[in-house]
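Contents: one structure, followed by commentary.
The values are calculated or read from the model by the stated rules, or taken from the named source; none is laboratory data. Values in this document were obtained by computation on a predicted structure and should not be read as measured data. So basically every Cβ, Gly included, is an ideal-geometry build from the backbone, and we count neighbours across all protein chains shown.
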Amino acid sequence: MSKSIRRVEEAARAASLQIEIERMPDSTRTASEAAEACACSVAQIVKSMVFEGASTGRLKLLLISGKHDVDLGKAKVLFGEELIRADPKRVRSETGFAIGGVSPLGHLSEIETWMDTELLAHDTVWAAAGAPNAVFSVAPEGLLTATAAKMLDLSG
């Protein structure tokens, strides 16, 4: 088992989340690939997207339903500053995960986290577990608590 996956397991345990990490035979890097592999709707996939605040330079982790996209034109209203895509090397050095396997849990450093309200509409959601083919299912309320995320409404 990779260090990244082990870190996700340890973070879940520390947050009292009961998860079981599954290694899929194919990639779960995209929301559609993950939904197919997990036999669920795209809306139940947690996309872990990392952005950088244009003013502060601080990283922000957005846990977005697979059915939503982030409108960067609305970022200033939603987050108080413009957002830009974070450099993949910075994402890896600060979260410990490569893009495509960024987990909501187990980061190497603190990261401000926001969670799409759409995810709470489901009994179970699926998130990346530290590798491009590793995932775990979880109740969205448990994930919200474990990540101390702020709510984000992208429906309108």
Open item on the list: I want to confirm something. Restricting to segment 43-57 and keeping residues that are of a type in the set (Val, Ile, Thr) and within 14 Å of residue 114 (Cβ to Cβ), which single residue is farthest from the chain's Cα centre (by Cα)?
Closed with: 50
TODO: Just name the residue that is surrounded by the fewest Cβ atoms within 10 Å (Cβ to Cβ) out of those in segment 68-91 that are basic (Lys, Arg) and modelled with pLDDT of 95 or more.
DONE: 89
Task: Pair list, Cβ < 6 Å and 6+ apart or interchain, from segment 11-32 residues that are in contact (Cβ under 8 Å) with a residue 12 or more places away in the chain to residues that are in a loop (DSSP other than H, G, I, E, B) and among the small types (Gly, Ala, Ser) - done: 11/106; 21/129; 29/100; 31/66
- [ ] Please work out which residue is modelled with the lowest pLDDT, limiting yourself to segment 117-150 and to residues that are closer than 15 Å to residue 49 by Cα and among the hydrophobic types (A, V, I, L, M, F, W, C).
- [x] 131
Open item on the list: Which count do you get for residues in segment 42-57 that are surrounded by fewer than 21 Cβ atoms within 10 Å (Cβ to Cβ) and closer than 20 Å to residue 100 by Cα?
Closed with: 4
TODO: Only helices (runs of 4 or more DSSP H) wholly contained in segment 58-156 count here; list those with 1 or more residues that are in contact with a helix residue (DSSP H, G or I) (Cβ under 7 Å, 6 or more places away or on another chain).
DONE: 140-147
- [ ] Would you please list the contacts, defined by Cβ atoms under 6 Å and residues six or more apart or on different chains, that run from a residue in segment 97-121 that is over 15 Å from residue 31 (Cα atoms) to a residue that is among the basic types (Lys, Arg)?
- [x] 98/92; 106/7; 112/60; 114/150
Task: Total residues in segment 16-39, condition more than 15 Å from the chain's Cα centre (by Cα), surrounded by fewer than 18 Cβ atoms within 10 Å (Cβ to Cβ) and assigned to a loop (DSSP other than H, G, I, E, B) - done: 8
